[in-house]
Amino acid sequence: MVGAGLSGAVIGRHLAMLGHKVTVVDARGHVAGNCHTERDPATGVMVHVYGPHIFHTDDAEVWDYVNRFQTFMPYKNRVKTISRGEVFSLPVNLHTINQFFRATMGPAEAKAFIESKADTSITDPQTFEEQALRFVGRDLYEAFFKGYTQKQWGVSPTELPASILKRLPVRFNYDDNYFFHKFQGMPRDGYTDMVEKILDHDGITVQLNTRFDRAQAGEWDHVFYSGPLDGYYGYDRGRLGYRTLDFERFTHQGDYQGTAVMNYGEVAVPWTRITEHKHFSPWETHEGSVLYREFSRLCGPEDIPYYPIRLTAEQSLLRDYVARAETETGVTFVGRLGTYRYLDMDVTIREALDCARRFEATLATGERMPAFTVKA
């Protein structure tokens, strides 16, 4: 298993329980990848070291799986945003609409009002901006989506595809829960503790601070690779594009912002949001507080990749690397980096379980394990 994140841990655990000897290697000095958590020694706050990760899913098997290794506490993600000198609730809901337009509309009235604001001349939205203007109108778009999106992606929303804004980002009720999913929560003792327990099996050996080179692939019966797809080949045909994040960490005595996530929608503010980590564990009490100001930028060679860009230039290079990978034997590319797709944690675990079962089936039938078990 190349990578001790969710993909490597879940696949490794499944195969170890079948009797295989599994080696997990990771270049970092800890397990759990970008969902790594650790307690701040000064405040006792559980810190999401690489930015906040909130678990939400409709997949009952995945929910049961993570609860085998960690107690998940109830947690609802309620995001606020500062725009035009006021604090609003996200996602845009009936409270946001009434506050923004200084109104007291009911659901049906608000829906008709927003539809009247929409640009109905746009019949086939091609860009993010066109999609937003078509469905929410210019006022809400410029207040809540334009600036934040420009900072997050580093380009104008006129250059981003409409698919990024997949669904109407408005609710015509007062529900301010950011997610719709049936199961939502946070691991009581952190994600790193959960991943450590997944990896705690006699058949698993974990080697941290260890880099993998594809020249070593032949040393194992099979390699499950969750590192960057282009990195497997030493980036010899170019680098796939990612956005990365910089965090400006600071502390505060008391409660700094009263919520876990405060977005900043205006371009004039350089950070995209401030996260206050003690609010991700509302069952705990801490006087001190640990906060991150979050900045998004293009990922460089030495940076941690977060969000695959997947725009035109990347699509062509991606097809090149995928075609090359599909000729490989004895290696399967998994996870966010291995398949160059943005994945929530529950989807990562689902795909890892399915991948492990696919490998189990190939051993029984003698089929070749494919390089990808999902479309990259």
Selection status of residue 296, within 30 Å of residue 253 (Cα to Cα) and within 15 Å of the chain's Cα centre (by Cα): yes
Scanning region 190-220 for residues that are assigned to a loop (DSSP other than H, G, I, E, B) and buried (at least 17 other Cβ atoms within 10 Å of the Cβ), the one farthest from the chain's Cα centre (by Cα) turns out to be 212
State all residues of region 129-167 that are hydrophobic (A, V, I, L, M, F, W, C), farther than 18 Å from residue 312 by Cα and in contact with a Ser or Thr (Cβ under 8 Å, 6 or more places away or on another chain); if no residue qualifies, say none. 143, 144
Can you tell me which residue within region 167-212, out of those that are in contact with a Leu (Cβ under 8 Å, 6 or more places away or on another chain) and of a type in the set (Ser, Thr, Tyr), is nearest to residue 22 (Cα to Cα)? 178
List pairs: first residue in region 61-75 and under 14 Å from residue 346 (Cα atoms), second residue of a type in the set (D, E, K, R) anywhere in the structure, Cβ distance under 6 angstrom, at least six positions apart or on different chains. 62/346; 62/350
Out of 100, 55, 88, 69, which single residue is over 30 Å from residue 171 (Cα atoms), in contact with a helix residue (DSSP H, G or I) (Cβ under 7 Å, 6 or more places away or on another chain) and not aliphatic (A, V, I, L, M)? 69
Select, from 185, 190, the only residue that is touching a residue at least 12 places away in the same chain (Cβ under 8 Å) and within 14 Å of residue 77 (Cβ to Cβ). 185
Does residue 284 satisfy the condition of being under 23 Å from residue 42 (Cβ atoms), touching a residue at least 40 places away in the same chain (Cβ under 8 Å), among the acidic types (Asp, Glu) and not in a loop (DSSP other than H, G, I, E, B)? no
Find the residue count for region 43-78, including only residues that are surrounded by 18 or more Cβ atoms within 10 Å (Cβ to Cβ) and in a strand (DSSP E or B). 6
What residue, among those in region 235-256 that are touching a residue at least 12 places away in the same chain (Cβ under 8 Å), outside any strand (DSSP E or B) and in contact with a helix residue (DSSP H, G or I) (Cβ under 9 Å, 6 or more places away or on another chain), is farthest from residue 10 (Cα to Cα)? 255
Starting from residues that are within 28 Å of the chain's Cα centre (by Cα) and not in a helix (DSSP H, G or I), keep the ones in region 93-145 and report whichever is surrounded by the fewest Cβ atoms within 10 Å (Cβ to Cβ). 126
Residue hits (region 22-42; small (Gly, Ala, Ser) and either over 17 Å from the mean Cα position of the chain (by Cα) or not in a loop (DSSP other than H, G, I, E, B) (or both)) are 27, 29, 33, 42
Residue count for region 287-310, restricted to those that are over 22 Å from residue 37 (Cβ atoms) and part of a loop (DSSP other than H, G, I, E, B): 6
Residue count, region 344-355, condition more than 16 Å from the chain's Cα centre (by Cα) and either assigned to a loop (DSSP other than H, G, I, E, B) or under 16 Å from residue 64 (Cβ atoms) (or both), comes to 2
Output the residue which, of all residues in region 146-176 that are within 19 Å of residue 296 (Cβ to Cβ) and of a type in the set (A, V, I, L, M), is surrounded by the most Cβ atoms within 10 Å (Cβ to Cβ). 165
Kindly indicate which of 313, 323 is free of Cβ contacts under 8 Å to residues at least 24 places away in the same chain, outside any strand (DSSP E or B), among the hydrophobic types (A, V, I, L, M, F, W, C) and surrounded by fewer than 19 Cβ atoms within 10 Å (Cβ to Cβ). 323
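No value in this document is a laboratory result; all are computed from the given coordinates. All figures in this text were calculated on a predicted structure; none of them were measured in a lab. When we count neighbours, we look across all protein chains shown, and the Cβ atoms used for this are built from the backbone with ideal geometry, even at glycine.
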